[in-house]
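Have a look at the structure below before the remarks.
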Amino acid sequence: MLELRELVKHYRVGEGEPIRAVDGVSLSIETGELVALYGPSGSGKSTLLTLVAALLRPDSGTVALDGREISALSEEEAARYRLHDLGFISQTADLLPGARVIENAALKLWLSDRRGAEERVRPLLERLGLGERLKHRSEQLSIGERQRLMIALALSMKPRLVLADEPTGSLDTQRSNEVLALLREVCEEQQVAVLLVTHDPQAAAFADRVLELRDGRLGPYRPVPMTLSAGAS
C-alpha cells in the first residue's frame, strides 16, 4: 500500500547547519493497517505527512502508493491524488466560512461530481456526533466540533490512505476515544491505510504499530515513564 524509501527532506536556515526534518525514513503501511507516529515538536512529523500528501517534494527518496510513485507526480496529478485517493486530517480546521456543516463535509464529493453528496456524508457526520448540527455554519461550531467535521471531510471519499495530523488534539477524552475508534473501524471496514501523527497516549491502544520520529529518524516508540509528584505515596 504505502511505502516510503529512504525519504529525505532537509531545510537550510541562513548559513547554519541544515535542519534534518526527515532524514532517511523508510516505512511500509499495509492496507487495513493503522500506524501511530509519536515524536516531540520539531521532530519532522508534519514534514513527513506533507511529503506523503505530495504537498512538498523530497530531496531524495520516494513515496509510493500501490506502486505508484507519488513523489514524482505533476501538480495536476498530485491534486487529483489528494482529492480521490487521500484523506488528510490537519491540525487546523480549514473550513468554508458561511457554509453549513453538511456542505463542508460534502465538498470533496461535489468536486468529484458525485451525486447525492450530502446524503452520502450524512451517516458519517452522525457517527461523529454532528447529526444535530448539519444545518449550522462552520463558524458556529466549537473547536472540537470543527475538528470532527474535518475528519468527516477527509473520510467522505472513502480514500485508500488517511493521514491524520493530531486529529484528537482539540477533543476531550470521550470524543478522542470515539474518533480513534472510528478511524480504527474505517481502517478495517474499508481496508484503508492510516498514518496517525499524535501526542495522544490513548492512540497506541488503537494502532497496529507505534513508532517514533526523533530528529528526523524513525525508530521504536519509547514512552516517557510516569513519575510521581512530590509527596505522593
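The values are calculated or read from the model by the stated rules, or taken from the named source; none is laboratory data. Nothing here was measured: the structure is a model prediction, and the numbers come from that model. No Cβ is skipped: glycine too gets one built from the backbone with ideal geometry, and neighbour counts run over all protein chains shown.
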| query | Among (1) under 24 Å from Thr47 (Cβ atoms); (2) out of contact with any Pro (no Cβ under 9 Å at 6 or more places or on another chain), where does Thr173 come up short? | reply | (1)
| request: Identify, by number, the condition in (1) closer than 11 Å to Ala54 by Cα; (2) touching a Leu at 6+ places or on another chain (Cβ under 8 Å); (3) at pLDDT 95 or above that Ser71 doesn't meet. | output: (3)
| query | Can you tell me which residues in segment 125-140 are at pLDDT 90 or above and within 21 Å of the chain's Cα centre (by Cα)? | reply | Leu125, Glu126, Leu130
| If we scan segment 142-154, do we find a residue that is within 13 Å of the chain's Cα centre (by Cα) and either loosely packed, with under 12 Cβ neighbours inside 10 Å or on the phi > 0 side of the Ramachandran plot (or both)? | no
| said: Which residue is modelled with the lowest pLDDT, if the candidates are limited to segment 84-108 and must be surrounded by fewer than 19 Cβ atoms within 10 Å (Cβ to Cβ) and either under 16 Å from Val121 (Cα atoms) or of a type in the set (A, V, I, L, M, F, W, C) (or both)? | reply: Leu96
| message | Given the options Pro123, Pro167, Pro223, name the one that is closer than 23 Å to Gly39 by Cα and loosely packed, with under 15 Cβ neighbours inside 10 Å. | response | Pro223
| query | Before we move on, is Leu183 among the hydrophobic types (A, V, I, L, M, F, W, C), in contact with a Ser or Thr (Cβ under 6 Å, 6 or more places away or on another chain), in contact (Cβ under 8 Å) with a residue 12 or more places away in the chain and under 18 Å from Leu37 (Cα atoms)? | reply | no
| message | Could you go through segment 51-62 and let me know if any residue there is assigned to a strand (DSSP E or B), touching a residue at least 12 places away in the same chain (Cβ under 8 Å) and within 20 Å of the chain's Cα centre (by Cα). | response | yes
